[in-house]
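All of the numbers you see were taken from the coordinates with simple rules; none came from a lab. Note that the coordinates shown come from a computational prediction; the quantities given were computed from them, not determined experimentally. Reconstructed Cβ throughout: ideal geometry from the backbone, glycine too, with neighbour counts over all protein chains shown.
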Amino acid sequence: MSVESHRGTPKEPHNGVNVGRRVFLGLAALGALGVAFGNSVQNFLGDAVGSGLGGLLPGGDRFRIYSITGAYPKITRDKYRLNVSGLVDHPTTFTLADLQSMPKTSFAKAFQCVTGWRVPDVPWEGVKLSDLLDRVGVKSGAVAVSFDSYDNADTESLTLEQAHLPDVIVAYSMLGAPVTTEHGGPVRLYVAPMFGYKSLKWLSGIRVVDAIEPGFWERNGYPVNGWLDGTTGPNNPDPGLT
Amino acid sequence: MSITRAPTTFYRVLRFDRVQRGAHWANALLFFSLMVTATPLYFGSFFGIVWPRHLIEMIHLWSGLALPLPILISLIGPWGKAMRRDVRRINYWTREEIRWVRTLGRSRLEADKFNPGQKLNAIFVSASILVMLVTGSMLQWFRFFPVSWRSGATFVHDLFAYAIFFVVVGHIVMALTHRDTLRSIFEGSVSRNWAERHAARWLREEQLDHTEL
């Protein structure tokens, strides 16, 4: 390493150590490592220290709030209604109290956005979608379930088999409190084994139908089957749907 | 250099030429736009909803894509001579400068045009532009990347955003508390007096340049 004295000629005053390149490449390498291993690091820290740490890590435990319309529909808990219709024996409109009086399911599972961010160990509480479907009675010939939102823009769909998975719920509580407006409250869908866009917010209606109706995001290019592992999933082997 | 041909009598020294000043302010504008639009995107739940979110996203996206342009355009071409020379100054460090950083500013230093702290700031900002551009693109065009990379890119984009925020705030505080230096990014020149105190090595080189004319 040859470091010239700074009394060198002014034409070549800086033939010292190229610190700039080292720091630049070092930072770029740090960024690349973060892309490759940031996910594992976050999961490891989350597991080792508990989910509390995630909240302290910038970006480690933070929802990014998306909305299609750019507005949150505001529905009070008293006025909330969930309309279940379509190929069912007993079309029913549920109030929030109705849902809360049904058998409760609660678990902690991650919310994974298709764009990459992830919030681990989110506590969820609600009614299994399958319980709700059992309550209204699904008619033969039914194939899929379509979901509507109070934002009048988002729609979603699940096959009937997907709708019967035990971790697909109509959620009224999230993060240990009633689902807030920006998270899709008072009642939203939570589809644990799929990317977040399947977990429709401000759930207004459930329609049992005889064919898959691709939802808003799916008409915009996302897979109809939003399985987290990116496969066609355990319960829907039809690759045409993904 | 076009200040004067009589080095012993000039009172102001050109520190940043027009191209550099233009690049700086274009870069600053883009950073400002990015940080302002990032706030509601990142802290969405703080603000309730308010926002034409899609519009904010688009401003953020396009500001981000434009971010490398001021520096690149100011570097290439015949107008980029001063910029290229300063990049070399920022890159190449003397032993004295390295020691100055290791001793956290306690060792003797005959400062170059930029002191090591300013140099680190410039290197950090340029590396951040690359990192933010790459990770931001991964988030925008996420379909081409495995999910774990997307998560990693989110992680890196967030961490660097925090780092950039503090560095930029530090940069602005330093600028506002150093009047002479601040003036040079608006008007281009610093006083000879300032240069003698804060950039002696650079001043001597400039004088030698002039002597050779």
Across B:157-169, the residue-averaged tally of Cβ atoms belonging to other chains within 10 Å stands at 3
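If packing is taken as the mean number of other Cβ atoms within 10 Å per residue, what is the order of A:154-160, B:117-123, B:136-142, highest first?
A:154-160, B:117-123, B:136-142
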Cβ-Cβ cut-off under 11 Å around A:Leu82, Lys and Arg +1, Asp and Glu -1: the net charge is 0
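What average number of partner chain Cβ atoms lie no more than 10 Å from the Cβ of the residues making up A:25-36?
Averaged over the peptide's residues, the number is 6.
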Residues whose built amide H sits under 5 Å from the amide H of A:Ser204, excluding neighbours closer than 5 in sequence, are A:Asp148, A:Ser149, A:Tyr150
Protection proxy (average C-beta count within 10 Å per residue), highest first, orders B:79-92, B:103-116, B:147-160 as B:147-160, B:79-92, B:103-116
Restricting to Cα pairs under 8 Å and 6 or more apart, the percent relative contact order of chain B works out to 33 percent
Two pseudo-spin positions, 7 Å from Cα along C-beta at A:Glu213 and at B:Ser107, lie apart in nanometres by 7.2 nm
Taking placed amide H atoms and a strict 5 Å upper bound, the residues 5 or more places from A:Val122 or on another chain that come that close are A:Lys109, A:Ala110, A:Phe111
For A:Glu125, the net charge from surrounding residues (Cβ-Cβ under 12 Å; K, R +1; D, E -1) works out to +4
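Ignoring everything except DSSP H segments at least 4 long, calculate the 222 nm mean residue ellipticity for chain B; use -39,500 (n - 2.57) per segment, divide by total residues, nearest 500.
Calculated mean residue ellipticity at 222 nm is -23000 deg cm²/dmol.
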Ranked from fewest to most other Cβ atoms within 10 Å of their own Cβ, A:Thr181, A:Thr93 fall in the order A:Thr93, A:Thr181
Calc'd 3J(HN,Hα), region B:54-66, phi into Karplus 6.51 cos²θ - 1.76 cosθ + 1.60 (θ = phi - 60°), Hz, glycine/Pro = x, comes to 4, 4, 4, 4, 5, 4, 4, 4, 6, 4, x, 5, 7
Taking alpha-carbon centroids only, region B:108-158 lies from region A:64-94 a number of Å equal to 42 Å
Taking every residue of B:106-113, the Cβ atoms of other protein chains inside 10 Å of its Cβ average out to 1
